Each structure stands twice: as structure tokens, then as C-alpha cells.
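Student: Handing you this structure, nothing more for now.
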Amino acid sequence: MSDENILSESATDRRGFLRGAGLAAVSAALGAPIPFGEHFPDGLVPVALGQDGGVPTIPGKDGVRVLNDRPINAETVVTELDDDFTPNAKHFVRNNGIMPDRANTGSLDGWSLTIDGEVKKSLTLSMDDLESQFKRHEAALVIECGGNGRAGYNPPAKGNQWTLGAVGCSRYAGVRLRDVLKSAGVKDSAVYIGYESEDLHLSRDPSKKPISRGVPIAKAMDEHTMLVWEMNGEPLPALHGFPLRLICPGWPGSTGGKWLKRIWVRDQVHDGAKMTGTSYRVPRYPVAPGTDVPEEDMEIIEEMPVKSIITRPASGIVTKLSEQLALRGHAWSGFGDVKAMHVSMDFGQTWTKARLRKPVNPYAWQRWTASVSFPKKGYYEVWARATDKQGRMQPMLVPGWNPKGYLNNAMQRIAVKVV
Ligand SMILES: Nc1nc2c(c(=O)[nH]1)N[C@H]1C(S)=C(S)[C@@H](COP(=O)(O)O)O[C@H]1N2
Ligand SMILES: [Mo]
């Protein structure tokens, strides 16, 4: 292997050198006043000061690519997802609105979690109540945005053009949602839960919510669904929902409300912001690319499909004919464990079984490793394909086109030049 890379664009270090600096310092570094400085999003490095010719960065984030800065959306460069568990600094960020002030101040003043609706007894819980009244639970969980891979669809779907990196698997600690729901006493009339959060709509209109989604009561009562306040042993970071978030593992990341303040148990399918219309929905039947699908023919996304990534080597690697090329990455599925992982270096004619680790717990991703050798010099692609325990496999091409560009679990391909 050499350091050479045949791709024109490589994953480089996008650390902003002004991380954490105040407005005055930023202004000094720019050599100019910032007339609209008060509107500059907290925690963002001005494009002019970013590296890589102006790629914006986010303080406290490493190895991420910013897709949008209002609201903040950043995906992880795929080679930066190599860790067994994704460090906080590398976890992707998907915000639909403006982060609440509380996230930045780290204060719990006036904060509580309300559980109400179709329950026998409404609860108002402080962080101390959550920590002391319920059994602590820890798990490593994949969070993947429903739109991860959107950039692969044609005709293109509107929205953040996520490639591979709107996914991460970090270690979380908190409590099972079902323990909290049980203590409130779920009524037979309960159908769904909806979350409400402290973030603001982009318009700053307090009567509007950026997002308020939920899951059916069975998923809410599943033993793996959690309320978490710790991420990789640290208090939940501001960008990831301080002080408390929900995680419904295996389901679209959007079901995991950040900056949580209420769980509303509903007697109908929750109808909060981004639950209705075409949000986080796909057609009930396959459609041709570009089809205008009527809203009533769209259904809510539940489990996320089987998927894998290649975290080593980077696409574009140059390797020697005499050497074996070591490959590695992670695989996961919303439908249960991944049971097999295969790689091909001949455009899918033959497949080699990779080694695959068991997950540390359900809904954690699984490490895979493989090595391949090449018959002669030239250009190759390595393709990687996961199969879950229900027999579902990643498609070679983008799967069914859908108007919002969700659920693209096509195999990842990397370019390899053998010299
Ligand atoms: N309150 C709130 N919760 C939210 C969001 C949001 O904008 N506001 N974004 C959702 C979406 S679409 C995703 S994919 C995940 C992203 O979680 P992360 O930013 O910790 O990666 O959070 C979800 N929870
Ligand atoms: Mo998302």
C-alpha cells in the first residue's frame, strides 16, 4: 500500500483552527468586523476560516463534512467511522431546527420530562428522578438517518445530500423507555408515542415545531428502546440532545427525539411535525424514478434496511500486486443481526466471505474484516455486501427510488489500483 490516492478528492483533516473562539476573536482573525455577527450560528467556523479552501467545520467535531449550517447537518467521512464505537466528536449531526439554549449552557434549570396522554398517571420527572427511580441500562446503538445515501438517487431528491456517513454507533447509558412508561401505567387505548423537544423551529415561531415524531406503542415498549443521558461515558453533548434523548434502535434516526421534554402517549398514530405528508415515508409499492406519488400512497418507514460500510482502506487506494489488501468495516440491520458479509473484487462475479463479529448487543453494528489479493495489475473495485438474519441482502444498485430519497442501502464500492 502507498500513500498515493487515485481519487481527486480525499478525506482530509477538516479541523477548524478557531474551534471554540468567540465572535471577537473570529472577527480579529478575519481582519474585518462581522456586521451580522449576532445571527452567526453558535459553534460554527466561518467558511473563510475553514480548511480545504473554505469547507465549514463545527467545533468539537472531527472528520465530519458539513452539508448545511442552518440547521446544522454534518456527516462523517466514511474512513472516520472505523472505530468500534463512534466517538462523540465523529458522530454525524442532523438538526431540523435551532438548538435550544439549554444545550449550550448545560443547565438543568427548569428541565423535566413529562409522560402523559394515554397513561393512568402523568409523570413529571427530573434527571435525578430518572437516575434514581429506574434501572440504569447501557447499550451500543446504531443511529442512522432515514435519508443516509440520499445522494445516490436519480432524479435527485431534495434534502441533505448524505452519502455514506449519516450513521454512527456509540455507547449510550440511560433507562429503558418501557420502565418509565410502565410506571406511568399505559392504558389499553395507547397506540403510539410522540416526542416533544426543546429545539426551535427555524422561523423561531414558538407555535411551530421543527420535528415531533414517534413510534407505535409496541416499539416504545421494546426492551431496546431507551431514554439516554450519556454518550460514550460523557453527558449527552449539546449537538446530540442534552440533557436527554430517545433512541428507537433499528428505526430511522428521526424517531430518536433529542433535547427531549415530553413523551405523549397517543390514542392514534402521532401526527406531529414530520410525521405526516411525505416526511419519513416511502411509497407502499415500487415506483419508477421521478414518479409523483400521492400522499395517501406513502407509508411510514419503520425498520432500516441491512447495510454495511468499508472503513479501510479509503477508496482510491494504490496497492502492490504482491500484497494482500486488508479490508474492514461495519455492518448492521434494523431487522436483527447481520449473519454474513461478503466482498467481491471482480464486479460481483465471485464473492469471498468476510469474518464477521457478533454485535456486543442487539442493534450495535458488527465489525467485519477480509483480505483480498488481485490476479494482475490494473483497476479494480471492491464491493461489500451484508446479509441479515432474515436473508435480506444489500442491493448492488440503489434500491427503489422514492420521492424523498430514503433507505438507500446499496453496497459501498471502493476503487483500488494495483501496481
Ligand atoms: N428534537 C430533535 N430531535 C431530533 C432531530 C431534531 O432535529 N430535533 N433530528 C432527528 C433526526 S432526523 C436524526 S437522523 C437524529 C440524528 O441524531 P444525531 O444528530 O445525534 O446524529 O436525531 C433526530 N432527533
Ligand atoms: Mo434523520
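Student: Please go through the stretch 295-345 and pick out each residue that is over 30 Å from residue 276 (Cβ atoms), charged (D, E, K, R) and part of a strand (DSSP E or B).
Tutor: Taking the stretch 295-345 as the starting set, the residues that turn out to be over 30 Å from residue 276 (Cβ atoms) are 308-331, 337-345.
After this cut, where a residue has to be charged (D, E, K, R) as well, the list is 312, 320, 323, 328, 337, 339.
Correct list: 312, 328, 339.
Student: What number of residues within the stretch 398-419 are open to solvent by 20 Å² or more (accessible area, probe 1.4 Å), part of a strand (DSSP E or B) and touching a Gly at 6+ places or on another chain (Cβ under 8 Å)?
Tutor: 1
Student: Could you say which residue among 284, 312 is open to solvent by 20 Å² or more (accessible area, probe 1.4 Å), under 23 Å from residue 338 (Cα atoms) and away from ligand 1 (no atom under 13 Å from the Cβ)?
Tutor: After ruling out the rest, the residue left standing is 312.
Student: Would you check which residues across the stretch 228-249 are within 16 Å of ligand 2 (Cβ to nearest atom), open to solvent by 10 Å² or more (accessible area, probe 1.4 Å) and more than 16 Å from residue 86 (Cα to Cα) and list them? Before you say what the answer is, go through the steps one by one.
Tutor: As a first pass, look at the stretch 228-249 and keep what is within 16 Å of ligand 2 (Cβ to nearest atom): 239-241, 245-249.
Then drop every residue that is not open to solvent by 10 Å² or more (accessible area, probe 1.4 Å), which leaves 239, 245.
Scanning the stretch 228-249 gives a single hit, 245.
Student: Shifting gears a bit: Among the candidates 132, 122, which residue alone is away from ligand 1 (no atom under 16 Å from the Cβ), touching a strand residue (DSSP E or B) at 6+ places or on another chain (Cβ under 6 Å) and either basic (Lys, Arg) or over 16 Å from residue 242 (Cβ atoms) (or both)?
Tutor: Matching residue, one of 132, 122: 122.
Student: Turning to a different aspect of this structure: Do we have any residue at all in the stretch 142-163 that's in contact (Cβ under 8 Å) with a residue 40 or more places away in the chain and of a type in the set (Asp, Glu)?
Tutor: Yes: one or more hits.
Student: Also: Being among the acidic types (Asp, Glu) and within 16 Å of residue 311 (Cα to Cα) is the filter here; which residues of the stretch 372-415 pass it?
Tutor: 381
Student: Given the criterion among the hydrophobic types (A, V, I, L, M, F, W, C), open to solvent by less than 10 Å² (accessible area, probe 1.4 Å) and closer than 30 Å to residue 87 by Cα, identify the matching residue among 151, 173. I'd like the intermediate steps shown before the answer.
Tutor: Details: 151 fails: open to solvent by less than 10 Å² (accessible area, probe 1.4 Å).
Unique residue meeting the criteria: 173.
Student: Name the residue, out of 395, 359, that is open to solvent by 30 Å² or more (accessible area, probe 1.4 Å), in a loop (DSSP other than H, G, I, E, B) and not assigned by TED's automatic domain parsing to the domain that holds residue 225.
Tutor: Of 395, 359, the one residue that is open to solvent by 30 Å² or more (accessible area, probe 1.4 Å), in a loop (DSSP other than H, G, I, E, B) and not assigned by TED's automatic domain parsing to the domain that holds residue 225 is 395.
Student: If you don't mind, there's one more thing I want to ask. Out of the residues in the stretch 71-124 meeting the condition of being within 19 Å of residue 329 (Cα to Cα) and out of contact with any Lys or Arg (no Cβ under 8 Å at 6 or more places or on another chain), tell me which one is most open to solvent (accessible area, probe 1.4 Å).
Tutor: For the stretch 71-124, the residue satisfying everything is 87.
Student: Further question: Can residue 167 be described as more than 10 Å from ligand 1 (Cβ to nearest atom) and either buried (at least 23 other Cβ atoms within 10 Å of the Cβ) or of a type in the set (A, V, I, L, M, F, W, C) (or both)?
Tutor: So residue 167 does not fit the description; no.
Student: Oh, and also: Which ones in the stretch 197-227 are among the charged types (D, E, K, R), open to solvent by 30 Å² or more (accessible area, probe 1.4 Å) and touching a residue at least 12 places away in the same chain (Cβ under 8 Å)?
Tutor: Looking only at the stretch 197-227, we keep the residues that are among the charged types (D, E, K, R), and these are 198-199, 204-205, 208-209, 213, 219, 222-223.
Subsequent filtering for residues that are open to solvent by 30 Å² or more (accessible area, probe 1.4 Å) retains 198, 204-205, 208-209, 222-223.
198, 204, 208, 209, 222, 223 - these are the residues of the stretch 197-227 that are among the charged types (D, E, K, R), open to solvent by 30 Å² or more (accessible area, probe 1.4 Å) and touching a residue at least 12 places away in the same chain (Cβ under 8 Å).
Student: Something else: Looking at the stretch 138-235, what strands (runs of 3 or more DSSP E) fall wholly within it and have at least 1 residues that are under 21 Å from residue 332 (Cβ atoms) and at pLDDT 95 or above? So that I can check it myself, show each step before the final result.
Tutor: Working: elements: 167-176, 192-197, 214-216, 226-231.
Answer list for the stretch 138-235: 167-176, 214-216, 226-231.
Student: Another one. Going by what's in this entry, would residue 285 be described as within 14 Å of ligand 2 (Cβ to nearest atom) and among the aromatic types (Phe, Trp, Tyr)? First the steps, then the outcome.
Tutor: Working: within 14 Å of ligand 2 (Cβ to nearest atom): no; among the aromatic types (Phe, Trp, Tyr): yes.
Spelling it out, it is not the case that residue 285 is within 14 Å of ligand 2 (Cβ to nearest atom) and among the aromatic types (Phe, Trp, Tyr).
Student: Any residue at all in the stretch 367-378 that is in a strand (DSSP E or B), open to solvent by less than 30 Å² (accessible area, probe 1.4 Å) and over 16 Å from residue 319 (Cβ atoms)?
Tutor: Yes, the conditions are met somewhere in the stretch 367-378.
Student: I'd like the full set of residues that are in a strand (DSSP E or B) and under 12 Å from the mean Cα position of the chain (by Cα), limited to the stretch 65-105. Spell out the reasoning first.
Tutor: Residues of the stretch 65-105 in a strand (DSSP E or B): 65-69, 72-76, 93-94, 98.
Passing the criteria: 73, 74, 75, 76, 93, 94.
Student: Let me ask something else. Considering only residues that are within 16 Å of ligand 2 (Cβ to nearest atom) and of a type in the set (Val, Ile, Thr), which ones fall in the stretch 252-275?
Tutor: Once the filter is applied, which keeps residues that are within 16 Å of ligand 2 (Cβ to nearest atom) and of a type in the set (Val, Ile, Thr), the stretch 252-275 yields only 255.
The values are calculated or read from the model by the stated rules, or taken from the named source; none is laboratory data. Predicted model only: the values in this text are computed from it and were never measured. Ideal geometry is used to build each Cβ from the backbone, glycine not excepted, and the neighbour counts take in all protein chains shown. The protein model used for the area step is the full one, side chains on, heavy atoms only, and it has no ligands, DNA or RNA in it. Shrake-Rupley method; radii C 1.70, N 1.55, O 1.52, S 1.80 Å.
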